[in-house]
Amino acid sequence: MEPLSALSVASSTIQLLDFGSKLWDRVHELYVSANGTTATHQMLRTEAERLRDLNAGLGQLLVPDNLRRSLTPTEQAIVALCSECDDAANELVSALEKLSIGDMDEPSEGDSEDLAKGKLLSGIASFGREKKRKRTGVHRKWSAVRAALKEVWVQKDIDKLCHRLTTLKDSVGTSILYNLQHEIAESSRKLSDIQARAATWDSAKPFSDWHEAHKTDSNRCLVNLFDAVGLSRRRGNRTINDHIGHDDLELQPWSDMSGRLMDWLLDKLSFEEMFDRQDRIPDAFPDTFQWVFEDPKDPERPWDSFSSWLSKGEGVYWITGKAGSGKSTMMRMLFNSPRTRWLLREWHQSNPIIVSSFFFWNSGSALQMSEEGLLRSLLRQVLEEILKDPSEQLMRKLEAFCLILPPGATLRFKDLKQLLRIVVEENDQPLRYFFLIDGLDEVEGDKASLVALAHTLGTYPHIKMCVSSRPWVVFEDGFCQQPSLMLQFLTYDDIMRYVREKLTGQPAFRELAWGFPKTAEDLLEDITAKASGVFLWVILAVDSLIKGLADGDRIDDLKCRLDDIPEELEELFGKMLHGLQGRYFVDAARIFQMHRAAKEPGLEFSRGFSLLALALAEELTVASAAKWAFKPLTDKELLMHSITMKRRLGSRCNGLLEIEDPRRKNGNIWSARDLDRLITDAGAGDPSVLPTLHAYGRALAHTTVQYLHRTVKDYLEAPEIWLKIEEAAASDRRPDHRTSLCLVHMVFWKTWTLNASEDDIALETSGATFKSMLEQALRSALTLARKPQIEVLDAIGRSLFQGDTVFSVWSRLDITCPPDNFLSFAVHCNLVEYVDEKLAVSSPKVSVRQCSRLLQVAASKEAELVSIHHRDDTSIEDEESDSDDLNDHHDEKGGEHNEDEERNGSDEEDDDDDCWVGYRYPGGPDLEMVQLLLRHGADPDRAVDGLSCREVVERRLSMLLDSSPEHRYRRYIMSKMNGIFDRGGEERA
């Protein structure tokens, strides 16, 4: 044999032996393996399955519904790569499954075709298609041989799949890293935006710049100065300039005038419900939340030390947590705790400190949920303390601020922000400020602006701010670099303490715990664990368990009851709501509607929606309200209305609506047993208990109805839930909820008494009058649809013009010459829809003479009998700039005012309409009412009592000679009215 041939044969032999050796190793490994596959293949399969599971989890995270936003392009690419990864992993797992011994017993047709290639493979395939027989050692050996040969055959395909899977895995990892870097950059950008915004005060300027910008406002300063010394801005027709040098100008010490300015400023900052939300928050359960004054101890639950921040830190501290975790309760505890002020001592040292707070409330008034309310409250608290011993420098600047403001106007938001900047920057005393602001998530409007304000104030070294909110994105972005704590992760021990003390306070549970101590302890731990840090949930759950104990539940029953309580608050509220059936659900739906509507403009109650208001709303009809006598409610009536409604509220609303504890109104301790004893003694004729019983009745009547928690409001007012509430309430035959609230305002008017003490005035402010209560009743009626509005106004009309008490009613209204009837009163008050409806349906039809008399009432209107329609708090002087514009407008046309043209309603006068936009002199005639009466047949030239309406207008025009804005506006209106008379009422005002 030739050398080359011999070498070739030897090489082939060696390769064959090597192949055979490797094949035999694989056959042996397969034969002895427990799972029928090689270790390498098992590792590949495990890795592929693990990668498939990770991709599935990542895909669930990257869902728009979970993220509450659309996916970014990078996230969309990650989802696509995950899908490809899944496909490759599935192919690899499938291929590896075919190489296990278990799959060799009955080869598929595809496997047979693969194995049939080659003589040896064909023989093995033929052997594999033999009738299945019981597995023996020989059969397992042949299965191992088949699997080893097939592995050799498809190894290249497996290698390709592994390479593809590795490439896809690297691509997913790179994309995730890129997306993470993008998120970090985006968060940094948002934070930079907030910080850049915080570096400025928007429109608020340093005092020197602000003062320079207002140097030209000397006339406005004079107006405010004369207000401060007690002079009216006008005496007769004399202006401020007439007072200068006049002998009736009495100079007073500047300290007195400065004091008046500061009193005016404090009064403008105040609002009645400033501390209402803070007072409503329940006290923290004993010994809870005290860990916040200690340093963090558990490394698994990290948080920034609040005590260190109080004593040494700066800027803003953020307390966050999910809904119901107890943030507001904790903030109230921090404000009231002496430990807070003790820890602040190291920071402020010997310098005086002012601690102020504000608690936002989404269920309260507009000011309670606005940044304006925050600024007014903080400024009111701060200035009240500062003015006890003010610095000379700050006082001069505060005086300048008051004098430059528009006279008589309310403080605008930009004025409040400017004042805050003056206070924190211009005080030359070493004063420190500590602000606690709760519920940033409950503010209406731009929450980023609130974050910016917190950062702005936090940049001052003499100011600290502690704020709380839910962990919403806007707050996470804004406060991510500030010290903070996540409340629900830190309250396990507090919740356990609450659960233990509440349940062990029940005799039935103590009995069960004595008999089954281990089971009882497990139940306590189960409750605490299921609460997941949500105090509100555990309060409701413990109440349910206490009810079960009262019903004789055993430990197993209590466990079942606990298991039935949903873990999420919304699901729990749903269960509470759906537990109401039939008539109770209809009643609850109507109560929910009234509670929500009671905050609407026109229907609102100045002291909140009280229990007495709800009781009356449940009972009243239009007829009963019209017949209600003009006399105060007795103490007994207050008690009975309130007690009945308290029970009704509990049974109908299942705890979703509640009342604040009346004990917090008067400081007395009450219980159901005490009340039952007092009523029993009173029923037995003991007069000594009546003062105590009546005091409770008044306190109970004044308590306000409120949601159990902000989360209840969010749940009930969600569109899909609110629709069910509206559908249920629609089946009720009583007046609709808004009409019922109007009837309550009507009864409050009738039952108002001047002699009541401030504590006993049911439901309105101490500044209310009999007339203002009537005005509120009329104002509320105007919020209704046309038909119920007419019904309510008719009822008010019967109360005003029918019955034996008519004279005393008008006397109490301080109106000496009342109109002839309610229709005339409605014309005077510009109740256009009501007058239109009454004239349209009158039978017999109202005569021309009657209509003309009503027209004369409208044209002769000089001052309002009552004030119904809301107007801006803009005074006549505020419009002087508009008046100047009007003068300039006339001067540009080349001349002075032409009164003849004004009286004739000239086109030139029409051109001045825009000059009066937004300005309405109170008490003047209403052109819409004039046009309405002309359409119903009124004749302006028909004499009524010897004088026609046109003659009335001409006489009034001849008397309006003053150049003051109000006289000029009246001339404008009278001239327009003459034009309407000439055109027969077809022109629109």
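The values are calculated or read from the model by the stated rules, or taken from the named source; none is laboratory data. Since we're looking at a predicted model, the values are computed, not measured. Backbone-built Cβ (ideal geometry, glycine too); neighbour counts: all protein chains shown. Side chains are part of the model used for accessible areas, which takes the heavy atoms of the whole protein and leaves out ligands, DNA and RNA. Shrake-Rupley method; radii C 1.70, N 1.55, O 1.52, S 1.80 Å.
Among the residues of region 603-617, which ones are touching an Asp or Glu at 6+ places or on another chain (Cβ under 9 Å) and open to solvent by 20 Å² or more (accessible area, probe 1.4 Å)? Write out each step before concluding.
We begin by selecting, within region 603-617, every residue touching an Asp or Glu at 6+ places or on another chain (Cβ under 9 Å); these are 605-608.
Hits for region 603-617 are Ser606, Arg607, Gly608.
Just one residue in the set Arg341, Arg301 is part of a helix (DSSP H, G or I), surrounded by fewer than 19 Cβ atoms within 10 Å (Cβ to Cβ) and not small (Gly, Ala, Ser); that residue is Arg341. Of the candidates Asp283, Asp304, the single residue that is closer than 27 Å to Gly478 by Cα and under 29 Å from the mean Cα position of the chain (by Cα) is Asp304.
Residues that are surrounded by fewer than 21 Cβ atoms within 10 Å (Cβ to Cβ) and either in contact (Cβ under 8 Å) with a residue 60 or more places away in the chain or closer than 21 Å to Asp298 by Cα (or both) within region 466-475 comprise Arg470, Pro471, listed in sequence order. When Leu334 is tested against (1) within 19 Å of His462 (Cβ to Cβ); (2) at pLDDT 90 or above; (3) open to solvent by less than 30 Å² (accessible area, probe 1.4 Å), exactly one condition is not met: (1).
Sort out which residues of region 249-263 are at pLDDT below 85 and in contact with a helix residue (DSSP H, G or I) (Cβ under 8 Å, 6 or more places away or on another chain), and write them in order of number.
Going through region 249-263, the residues at pLDDT below 85 turn out to be 249-261.
Matches in region 249-263: Leu249, Met257, Ser258, Arg260, Leu261.
Taking region 772-817 as the range and being in contact (Cβ under 8 Å) with a residue 40 or more places away in the chain, under 23 Å from Ala859 (Cα atoms) and over 40 Å from the mean Cα position of the chain (by Cα) as the test, the residues that pass are Asp814, Ile815.
Step by step: first the residues of region 625-677, then only those that are among the hydroxyl-bearing types (Ser, Thr, Tyr) and surrounded by fewer than 18 Cβ atoms within 10 Å (Cβ to Cβ), then the one that is modelled with the lowest pLDDT. Which residue is that? Break it down into steps so the answer makes sense when it comes.
In the first step, residues of region 625-677 are kept if they are among the hydroxyl-bearing types (Ser, Thr, Tyr); the result is 634, 642, 644, 651, 671.
Filter once more, so that each one left must be surrounded by fewer than 18 Cβ atoms within 10 Å (Cβ to Cβ): 634, 644, 651, 671.
Details: Thr634: 90, Thr644: 91, Ser651: 89, Ser671: 59.
Per the stated criteria, the residue is Ser671.
Can you name the residue in region 284-298 that is under 15 Å from Arg497 (Cα atoms) and not aromatic (Phe, Trp, Tyr) and is also least open to solvent (accessible area, probe 1.4 Å) among such residues? In this case the residue turns out to be Thr288.
Residues to consider are Glu570, Glu637; find the one that is within 25 Å of Asp714 (Cβ to Cβ) and either assigned to a helix (DSSP H, G or I) or not aromatic (Phe, Trp, Tyr) (or both).
On the way: Glu637 fails: within 25 Å of Asp714 (Cβ to Cβ).
From the options Glu570, Glu637, the qualifying one is Glu570.
There is at least one residue in region 50-58 that is open to solvent by less than 60 Å² (accessible area, probe 1.4 Å), at pLDDT 65 or above and more than 17 Å from Leu165 (Cα to Cα). With respect to the conditions (1) at pLDDT 85 or above; (2) open to solvent by 60 Å² or more (accessible area, probe 1.4 Å), Phe585 falls short on a single one, namely (2).
Tell me, which residue of region 913-963 that is among the acidic types (Asp, Glu), modelled with pLDDT under 85 and open to solvent by 70 Å² or more (accessible area, probe 1.4 Å) is farthest from the chain's Cα centre (by Cα)?
Once the filter is applied, the top-ranked residue is Asp945.
For region 344-387, what are the residues that are open to solvent by 20 Å² or more (accessible area, probe 1.4 Å) and polar (S, T, N, Q)? Scanning region 344-387 gives Gln349, Ser350, Asn351, Ser365, Ser370, Gln381. Across region 588-602, which residue is most open to solvent (accessible area, probe 1.4 Å) among those that are basic (Lys, Arg) and closer than 13 Å to Ile725 by Cα? Among them, the one singled out is Arg596. Scanning region 545-567 for residues that are open to solvent by less than 30 Å² (accessible area, probe 1.4 Å), part of a helix (DSSP H, G or I) and not β-branched (Val, Ile, Thr) returns Leu545, Gly548, Leu549, Leu558, Leu562. Exactly one of these conditions fails for Met486: (1) open to solvent by 30 Å² or more (accessible area, probe 1.4 Å); (2) closer than 30 Å to Lys312 by Cα; (3) free of Cβ contacts under 8 Å to residues at least 60 places away in the same chain. Give me its number. With (1) open to solvent by 30 Å² or more (accessible area, probe 1.4 Å); (2) closer than 30 Å to Lys312 by Cα; (3) free of Cβ contacts under 8 Å to residues at least 60 places away in the same chain applied to Met486, the lone miss is (3). For region 784-806, the set of residues classified as of a type in the set (Gly, Ala, Ser) and either more than 19 Å from Val866 (Cα to Cα) or surrounded by fewer than 18 Cβ atoms within 10 Å (Cβ to Cβ) (or both) consists of Ala785, Gly803, listed by residue number. Of all residues in region 272-298, those satisfying the criterion of being of a type outside the set (D, E, K, R) and not in a loop (DSSP other than H, G, I, E, B) are Gln278, Gln290, Trp291, Val292, Phe293.
On inspection, Glu346 passes the criterion of being touching a residue at least 24 places away in the same chain (Cβ under 8 Å) and over 23 Å from Val423 (Cβ atoms).
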